[in-house]
Amino acid sequence: MFFFKLFESPNLAQKLHVEEWIPTLNDALMIAMQLAKALQYLHNLGIVHRDVKPANILLDKNLCPHLTDFGLAEYKNDLKRVSTENWKSSGKPTGGFHKKNMVGTLIYMAPEILRKELHTEKSDVYSFGISINELLTGVVPYTDLRTEAQAHTVLEMNYTEQQLTAAVVSDGLRPVLAAEDLGIPSRLLSMIKKCWDADPNNRPAFDDIVEELDLVMEHGKLKKAEDIHIRPYNLHVVQPAGKTDHFKAYQESFSWFTRGELLARSASSANDSGLITRCESSDKPSAYHPTMSWGSYATCGRRETMEDTHFILPHICDEKDAYAFGIFDGHRGAAAAAFSSRAVPAVLQTSDFMGRVILCRAGNPIALSKDHVASCLQERERVIRQGGQVHWQVDTWRVGLPALQVTRSIGDDDLKPAVTAEPEITESTLCPEDEFLVMASDGLWDAISSMEVINIIKDTVKEPGMCSKRLATEAVERGSKDNITVIVVFLRPVSTAERIY
C-alpha cells in the first residue's frame with residue numbers, strides 16, 4: 001500500500017481561475033523553474049508525461065508545484081514501437097490507436113499531436129509553454145475567461161473543436177502572449193514563444209529551459225526588482241447596500257457571480273433597500289388585453305456546449321396582465337447568462353425592469369429591440385468614447401482582446417464600462433392587430449430574417465412550443481453555428497386545428 005502526501009491547496013488551474021489568484025513575478029518564476037526541473041528529470045529517465053497542464057500541477061502550502069497525473073505517461077521507447085505505419089494492427093474500430101496515442105487536453109496539445117503524430121519530449125515542452133503563459137496571464141488558452149475553471153473555445157469567434165484544431169495546426173494560432181509592460185521579463189516571453197514553436201525541432205529541451213530560467217531569475221536579483229504582482233487587480237464597481245443613486249468604486253477581490261446570487265435572493269425584500277415597485281395593471285376600460293399563450297425551445301446547435309438561458313415569468317407581482325420573457329445569450333462561458341436567468345426574474349418581482357425581439361403586427365415584423373453589436377456605428381462610437389478598443393477581426397468589428405461582437409452585456413467585467421450593462425428600453429402599446437412576439441438569441445437571427453420568421457410561424461401549427469422548435473431546427477439546417485433559444489408568444493386566441501394555406 002502506498003501513501004502520498006495530502007495537498008490541501010487547490011491545483012494551479014483552480015488557484016488561477018476559481019480563487020482568481022494573481023501570483024507575484026517571483027511566484028511565477030519559482031513555479032516555472034520547479035515544473036521545468038520536474039519535466040527535465042522525467043525526460044532524462046526517458047519518460048514523456050503527455051498531459052502537462054495547470055490542472056495536473058498540485059500546489060503545497062508554500063505554493064511549490066508538484067507535477068501529478070501520470071495516467072498517460074509513457075516511456076518514449078515504448079511510444080516509438082507504435083507508428084502510423086503499424087497502428088492498424090493494434091487499433092480497433094472504436095479508435096484504439098487514437099485512444100493510446102492522441103491523448104491529452106486539446107488546448108494544451110502540440111500541433112504535431114493534433115496532426116495525429118506521436119508524442120515526444122518536445123510535445124511536453126509545447127504544453128509547458130502554454131501552461132506558463134496561462135500562469136502569467138491568468139487566462140484559459142484561446143479564451144479570455146478569468147473566473148471559470150472550465151476551458152471554453154473562442155465561441156465569439158465561432159471556433160468549434162475542429163476549427164480550433166485547424167487554426168492551431170494550419171494557421172499557427174496561439175494564446176495571447178503575456179504583456180511585457182506588466183513587468184514580465186522579455187527573455188521569459190521569448191522562451192515561451194520558442195516553447196510553442198510549430199516545429200518541434202525549434203523548441204528548446206528542458207536542459208536549455210532550466211538554464212534560461214536561471215538567467216532570468218539571476219537578472220532579476222541583479223536588478224533588485226521588487227516582487228510585484230504580474231497582473232493588476234480588477235477595479236470593481238459595487239453598489240453600497242441601501243443606495244441606488246450612487247456607485248462607489250473600490251478595489252476588492254470577490255466574485256460577481258456570488259454577489260449577484262445574494263442580490264437575487266434578497267430581491268423579495270428589495271422595497272426596504274429603495275427599489276420602487278411598478279407592477280400596476282391598467283384599469284382603463286379601453287385598454288387592450290390580449291389572450292396570451294407561449295412556448296420555448298433551446299438547442300446548442302453546432303456548438304459543443306450550451307450557454308444560452310431563458311425564463312418565462314407570467315403574472316408578475318400577481319398581476320394577471322403582467323408578463324416577462326427573457327433570453328440571455330451567453331458568451332465567454334455560461335456563468336453570466338446562468339446567473340441572469342435566475343437574478344432578473346427575482347428582481348422583476350419588485351421593480352420595473354425590461355430588456356432581437358420582433359412583434360408581428362398585421363403580418364409585418366416590428367422590431368422591439370436593437371442589436372447591440374460593434375458593427376453598429378453608434379455603438380462603436382459609444383464604446384470608443386468609454387475608452388474601449390474596437391478593431392476589425394475575422395469578419396466584423398469586435399471589442400477588445402476577447403474580440404466580442406456584442407457591445408452591451410451583463411458579464412464581461414474586464415471590458416467595463418465600454419461594454420456596458422445598461423439596457424436600452426423600448427415601450428410598445430399592444431393593439432388588436434398584434435398577432436405574436438418572437439424572442440430569440442443570435443443563433444436564430446444569424447440564419448433567418450425577421451420576415452422569414454413570420455412566414456414560418458404562419459405556416460406552422462399554432463402551438464407556441466412547436467413553433468419555437470421549428471424555428472430553431474430551421475436555423476440549424478441553414479447552418480447557424482451558435483446556440484439557439486427561441487420563445488414564441490401568441491397574443492390572440494389560436495387553435496392547433498386551422499387552415500395554414
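So if we plug the beta-carbon distance of L63 and N202 into 1/(1 + (r/R0)^6) with R0 = 22 Å, what FRET efficiency do we get, rounded to 0.05? If you can, show how the numbers build up before the last one.
Numbers: r = 32 Å, r/R0 = 1.44.
Using R0 = 22 Å, I get an efficiency of 0.10.
Shown is the FRET efficiency for T291 and A421, computed with R0 = 41 Å from the Cβ-Cβ distance and rounded to the nearest 0.05: 0.75.
Projecting label points 7 angstrom from Cα along Cα→Cβ for A166 and Q389 puts them 2.8 nm apart. Among E74, E477, the order by Cβ neighbours within 10 angstrom, fewest to most, reads E477, E74.
Phi angles across segment 365-381 convert, under the Karplus curve 6.51 cos²θ - 1.76 cosθ + 1.60 with θ = phi - 60°, into 3J(HN,Hα) values of x, 10, 6, 9, 9, 10, 6, 8, 10, 5, 6, 7, 4, 4, 5, 4, 5 Hz, Gly and Pro given as x.
The label point for K37 and the one for L401, both projected 7 Å from the Cα toward the Cβ, are 3.0 nm apart. So which of K5/K116; K37/K76; K53/K116 end up more than 25 Å apart by C-alpha? Among K5/K116; K37/K76; K53/K116, the Cα-Cα distance tops 25 Å for K5/K116. Among the chymotrypsin sites (Phe, Trp or Tyr not before Pro) in segment 1-84, those located in a DSSP loop and surrounded by at most 12 other Cβ atoms within 10 Å of their own Cβ are F2, F3, F4. Taking amide H as placed 1.01 Å from N in the peptide plane, T420 has its amide H under 5 Å from the amide H of S409, each at least 5 places away in sequence or on another chain. Distance from the alpha carbon centroid of segment 10-35 to that of segment 358-412 works out to 36 angstrom. With θ taken as phi - 60° and the Karplus curve 6.51 cos²θ - 1.76 cosθ + 1.60 applied, the whole-hertz 3J(HN,Hα) list for segment 55-69 is 5, 9, 10, 7, 10, 8, 5, 9, 6, 6, x, 9, 6, 9, 6 Hz, x standing for glycine and proline. Projected label points at L430 and R115, each 7 Å from Cα along the beta carbon direction, are separated by 6.1 nanometres. Annotation for segment 381-428: GluC sites (Glu not before Pro) lying in DSSP loop with at most 14 further Cβ atoms inside 10 Å of their Cβ are E424, E427. Sequence-ordered 3J(HN,Hα) estimates for segment 394-400 from the Karplus curve with 6.51, -1.76 and 1.60 and θ = phi - 60° stand at 6, 8, 6, 6, 9, 10, x Hz, glycine and proline given as x.
Bear in mind these aren't lab numbers, they're just calculated from the coordinates by the rules spelled out. Because the structure is a prediction, the values reported are computed rather than measured. Positions of Cβ are generated from backbone atoms using ideal geometry, with glycine treated the same way; all protein chains shown enter the neighbour counts.
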